[in-house]
Amino acid sequence: MIIRCLIYFLHFSTPGSKIFLHNFLYLRFEQSGGPNWKVKLGRKDSLTASQEASNNIMPSPRANATYLINLFSNFNLSVKDLVALSGSHSIGKARCFSIVFRLYNQSGTGRPDPAIEPKYREKLDELCPLGGDEEVTGDLDATPENFDNQYYKDLVMGRGFLNSDQTLFTFPETRKYVKMFSKNQSKFFRAFVEGMIKLGDLQSGMPGEVRRNCRVVNTKKVKVLIEAER
Ligand code: HEM
């Protein structure tokens with residue numbers, strides 16, 4: 001449930017959302033050894049969902065750093081926030097679907113992404129063969145159960161799973177933060193908490209409610225029950 005909610009929040013949330021799922025992220029990251037911070041309770045989520053609006057803000061695994069910098073700046077999130085928040089990929093997995101293009105046809109070249117370290121590429125080729133099952137999943141970093149700075153160490157070695165991860169080391173503007181966090185986990189944790197607090201404070205100004213289940217709007221029955229409890 002937590003992971004499902006996470007994915008909804010991060011990658012499928014709508015602009016109407018006031019990011020109530022922040023709380024779930026907090027739990028997931030803390031349980032994996034990550035930093036903790038004060039989560040403000042009672043955030044509201046949107047009453048409606050729009051696939052189109054969601055597509056407009058959902059970051060693609062193909063994205064390059066320039067695109068991501070612009071996307072994050074639309075939400076007043078800095079380059080440092082972008083690199084620190086991407087460190088959430090220190091835990092979890094992603095599907096072959098999200099990387100086959102970079103293994104076999106990066107930017108329409110018919111070739112793999114040259115930024116992938118050759119031994120790692122062999123491993124990914126084996127996991128995600130061309131024409132294979134794209135629902136198979138691989139680890140987002142070398143220590144997917146632990147929230148740590150291994151993600152950045154991997155990027156420095158050309159071992160980032162997603163294009164949107166590895167691009168952070170390819171571009172000079174983001175590379176300096178990747179290097180910094182790869183050398184200093186405390187700096188990463190501090191920047192990550194700052195970014196998460198900013199994310200949690202985002203407001204859409206649209207009508208919302210505190211959901212009982214992050215995936216669906218509250219049913220009337222639940223509301224009636226809550227009223228009855230008071
Ligand atoms: C910078 C832009 C981002 C892009 C392009 C991106 C993209 C992705 C993609 C493509 C996946 C795998 C989906 C799949 O293949 O099924 C994923 C997984 C994940 N993302 Fe992101 N993401 C971004 C930012 C974030 C942020 C800011 C967070 C948290 C604060 C986050 C947390 C996660 C987690 C925890 C997973 C793994 C979930 C699991 O293990 O099931 N991502 N992301």
Residue in the range 59-74 that is nearest to LEU199 (Cα to Cα), counting only those that are outside any loop (DSSP other than H, G, I, E, B) and more than 6 Å from the ligand (Cβ to nearest atom): PHE72
Looking at (1) at pLDDT 90 or above; (2) assigned to a helix (DSSP H, G or I), can you tell me which one LEU77 breaks? (2)
Under the condition of being within 6 Å of the ligand (Cβ to nearest atom) and either hydroxyl-bearing (Ser, Thr, Tyr) or in contact (Cβ under 8 Å) with a residue 60 or more places away in the chain (or both), which residue from the range 83-95 is surrounded by the fewest Cβ atoms within 10 Å (Cβ to Cβ)? ALA94
Checked THR174, THR167, THR137, THR109 against criteria (away from the ligand (no atom under 13 Å from the Cβ) and β-branched (Val, Ile, Thr)); the one match is THR109
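The values are calculated or read from the model by the stated rules, or taken from the named source; none is laboratory data. Every value quoted in this text rests on a predicted model; they were computed, and no experiment measured them. Here Cβ is always computed from backbone atoms with ideal geometry, including for glycine, and neighbour counts include all displayed protein chains.
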